[in-house]
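This report concerns only the one structure given below.
The values are calculated or read from the model by the stated rules, or taken from the named source; none is laboratory data. In this text the structure is predicted, and so the values were computed from the model without any measurement. Cβ coordinates were reconstructed from backbone atoms using ideal geometry, including for glycine residues, and neighbour counts include every protein chain displayed. The protein model used for the area step is the full one, side chains on, heavy atoms only, and it has no ligands, DNA or RNA in it. Shrake-Rupley method; radii C 1.70, N 1.55, O 1.52, S 1.80 Å.
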Amino acid sequence: MAAPILLKDYISHNPPGQHSFFIQRNLQPHPPAGNKKLTAHVRPESRDSIQVVSMETTLQSKGCRGDEKFARVLETVKKEVQRRQNLAGESLRRKAEISLYYKPLHPEVYVLKESFLTEEFLEAVRICKSPNASLESLLNNLHPIPDKRIYCFPVFVPQFCRDFVEELEHFEKSHLEKGRPNTMNNYGVLLNELGLDDSLITPLREQYLCPLASVLFPDWGGGSLDSHKAFVVQYSVDKDLDLSGHYDNSEVTLNVSLGKEFTDGNLYFSDMKEVPSNERTFIEVEHTIGHGILHRGQQVHGALPITSGERWNLIIWMRASSVRNKLCPMCNKEPQLVETIGDGDGFTVIKNDNGEETVDVCTLI
């Protein structure tokens, strides 16, 4: 088993980035074993042009020198932009195929039941739904980290966690094509493609998480979380080990540890993304199976390296269109929207002709 990595040492070598998406690329077309990889955060400034954040300094410091190497990196970025433009259609295609050919191992986990949820979680939600709900009355049922506005609490009972992970492992063994969570996580499952959104995640958000967030994060649209992106990430010593500092494409995020057995890999949290990197302070939060961590999406956070075993976590990025319609959380600008199919990124626009809402994505992220 590898020795644990201290948070202060990890942060010094993996500073949190200001990013819209993350690329990782070998510096040579066919690199020898052990060749250095380039990692950088990039931001498309429009649909036709790409700006690499701190491009010259960052890329040169990571060994990308010369026109040929830069051209290869730029091509990688362009391909990622194109991939993102095609995401919605590809995801719907995979979802339809999975619906036709995949046979669940635990079909009972696809429909939310209160028996999946801990009594402590249900009591916290009852407090939030009461006429006299307040932050003070709620905090007795949570484990807060006040100076970071992070809240920890049990969400799922152990049996649900075991069955849910078994279901995900069963799906991973299938021959069906799978979409991956994002550009930073190479292993995991998009829950909407597996058919878990409408009957499991959506009622969890609407009936339970939204009341909690309305009390804990009213300034971040906690009472009007009207969409989400839900996925499960997987870490192990032979897959993804850790996760560099980042912020989420969400107003409020829930992160629940599902299992299995693992060592280290704690989460770490800092300040909001607007705080200069040299002024940020960090704290570690341990995983407890079945327990969730609720935090603001724009809060910088990451995961330390796992040193043994295997870890699965459920991530729910919850979005409030009333907040993000005014300011895109990823590009920090007024969103420039294009209509999309599927769930989009939580932006909405009211059409003038018939009053219907469309679901859109920001062209800058």
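Remarks
- When segment 109-127 is filtered for residues that are open to solvent by less than 80 Å² (accessible area, probe 1.4 Å) and either within 25 Å of the chain's Cα centre (by Cα) or of a type in the set (Lys, Arg) (or both), the ones remaining, listed by number, are 109, 110, 111, 112, 116, 117, 118, 121, 122, 124, 125.
- Residue check, residue 291 within 18 Å of the chain's Cα centre (by Cα) and open to solvent by 40 Å² or more (accessible area, probe 1.4 Å): yes
- Restricting segment 294-323 to residues that are farther than 15 Å from residue 230 by Cα, within 13 Å of the chain's Cα centre (by Cα) and among the polar types (S, T, N, Q) leaves a set whose member that is surrounded by the fewest Cβ atoms within 10 Å (Cβ to Cβ) is 299.
- Yes/no for residue 326 being modelled with pLDDT of 90 or more, of a type in the set (Lys, Arg) and open to solvent by 40 Å² or more (accessible area, probe 1.4 Å): yes
- Test: residue in segment 163-181 that is touching a strand residue (DSSP E or B) at 6+ places or on another chain (Cβ under 7 Å), under 30 Å from residue 219 (Cα atoms) and at pLDDT 90 or above: no
- Taking (1) out of contact with any strand residue (DSSP E or B) (no Cβ under 6 Å at 6 or more places or on another chain); (2) modelled with pLDDT of 95 or more; (3) not polar (S, T, N, Q) in turn, residue 151 satisfies each apart from (1).
- Residue list for segment 130-177, restricted to those being open to solvent by less than 20 Å² (accessible area, probe 1.4 Å), part of a loop (DSSP other than H, G, I, E, B) and closer than 23 Å to residue 252 by Cβ: 142, 155
- Checking residue 284 against (1) part of a strand (DSSP E or B); (2) closer than 22 Å to residue 158 by Cα; (3) open to solvent by 20 Å² or more (accessible area, probe 1.4 Å), the condition it does not meet: (2)
- Residue among 315, 293, 289, 341 that is touching a residue at least 40 places away in the same chain (Cβ under 8 Å) and in contact with a Phe, Trp or Tyr (Cβ under 6 Å, 6 or more places away or on another chain): 315
- Residue list for segment 240-258, restricted to those being open to solvent by 10 Å² or more (accessible area, probe 1.4 Å) and in contact (Cβ under 8 Å) with a residue 60 or more places away in the chain: 241, 242, 243, 244, 246, 249, 255
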